[in-house]
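What follows is calculated from the coordinates using simple rules that are stated; it is not laboratory data. Since we're looking at a predicted model, the values are computed, not measured. Heads up, the Cβs are rebuilt from the backbone with ideal geometry, glycines too, and the neighbour counts pull from every protein chain shown.
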Amino acid sequence: MPATNEPSGPVGDATARPSASPPPQSSSSAAVVVVDDDDDVDDPTLSANNPTVEIQGSIAADSVETDSALGAELASSVASLSSSILQYQLENGRSYHSLSRGKYVLPNDEMENERLDLQHELYVRTCQGILALCPKGQGAQRVLDMGTGTGQWAIDFADLHPDAEVIGVDLSPIQPDFVPPNLVFEIDDLEKEWTWTTRFDFIFARMMLGCFQDLPGMIKVAYDNLEPGGYLELQDMALPALSDDGTLAPDSYLAKWCKACLDAGENLGRPVFPVTEYKNYLAAAGFEDIVEVQKKWPTNTWPREREHKELGAWAYANIAGGLDGLSLAHFTRGLGWTPEETRVFCAEVRKDLKNPKIHAYWPMYVPVLPVVS
């Protein structure tokens, strides 16, 4: 099916998300499942430029070998595992995940979590208040949110669909304590074997660029875990930033930042796969009826139109406000830069991001109708 540019309203039977939704009728303590990570070892990319410090306080397993102590030993082992997951890696003043440490280059501290919540709002506003553009925005029964982050998408979706079973998966336990009763968060590594015994009818993923060694392979894994008629929806921003009028010069700091991100991803073995190829990856995995929605995020408030100007304000806050977190581990690990070099460089990039004479934008792609036959 042909690509669709800039739809004026909701797509298909998608679910609208109110701009200020009320709290859920009932909520429960978060059910968090921690999955053991047998081969959790230091990533070689954690170099001398990136000293890491583990927060101490692991709980040792009970070693008393009696029948009555067996349950206590197992419980203590789980507690120890959970404690180790919370031992975040401290690097250059930011904290990072400890499960499969080194895989993901963005922090998991409060500053980054606030940015993720802002980014969620940016995506929802971009899609006219809609959480999911594919038909499974209504009627999904079993939903997986890949890389759930702070869990805001999963929480909103579970609130709106109380009959759906929603699972959010992430490397970091940064989700809130109280969530809708139909939502569970699992702390796991999606690049390991998926062990769910029941397939999903809707899998959602957002901002996965640079997260996986083999994105086409992950798309195939998602396909294999969807029931017939199931949908996968991907929402991603593309690199590099573009301009239609040539105001983004190739030697600008913003253009250099984009190239540095691409180079660092390649060096770390986690390339930023081109979003323009997502349709081909989906087709190769076996998906059918793929439709792609394309949007633009202005880098600041340079556009004349009110809608794009507002999106530009949100996009500027998202990227410029989180630039250090987006760059520090990426460039120190992947390019060998020092933290000081990275921060000085980011200060120049922010000037470009703020400059209204640079009419740049981030392309945003949403393949919304990849369906399992």
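Hey, what does the equivalent ellipsoid look like for the stretch 255-373, semi-axes from the Cα gyration tensor as sqrt of 5 times each eigenvalue, largest first, whole Å?
In descending order the semi-axes read 29, 23, 9 Å.
ARG304 versus GLU227, label points 7 Å from Cα toward the beta carbon: distance in nm?
Distance between label points: 5.1 nm.
Give the order of CYS346, CYS134 when sorted by the count of other beta carbons within 10 angstrom, beginning with the fewest.
Fewest-to-most Cβ neighbours within 10 Å comes out as CYS346, CYS134.
Need one number: convex hull volume per residue for the stretch 107-149, Cα atoms only, in Å³.
80 Å³
Could you give me the radius of gyration and the Dmax of the stretch 194-303, taking only the C-alpha atoms into account and expressing both in angstrom?
Taking only Cα atoms of the stretch 194-303, I get Rg and Dmax of 16.5, 52 Å.
Counting other beta carbons within 10 Å of each Cβ, put LYS192, LYS136, LYS256 in order, fewest first. Walk me through the numbers on the way to the answer.
Numbers: LYS192 12, LYS136 29, LYS256 16.
Neighbour counts put them in this order, fewest first: LYS192, LYS256, LYS136.
If the cut-off is a Cα-Cα distance under 27 Å, which lysines reach LYS354, setting aside same-chain residues fewer than 8 apart in sequence?
LYS256, LYS259, LYS295, LYS296, LYS309
Non-local amide H neighbours of GLU186 (under 5 Å, H modeled in plane, Pro and chain starts lacking H): which ones?
HN-HN under 5 Å from GLU186: VAL33, GLY168, VAL169, ASP170.
Let's test the formula: R0 of 35 Å, r as the Cβ-Cβ distance of GLU288 and LYS256. What FRET efficiency results, to the nearest 0.05?
0.30
Regarding the stretch 149-226, what is the average projected area of its C-alpha convex hull, in nm²? Write out the running numbers ahead of the final one.
On the way: hull surface 21.2 nm².
For the stretch 149-226, the mean projected area of the Cα convex hull comes to 5.3 nm².
Among TRP196, TRP302, rank each residue by its count of other Cβ atoms within 10 Å, from fewest to most, as a rough exposure measure.
TRP196, TRP302
Within the stretch 274-373, report the GluC sites (Glu not before Pro) that DSSP leaves as loop and that have at most 13 other Cβ atoms within 10 Å.
GLU305
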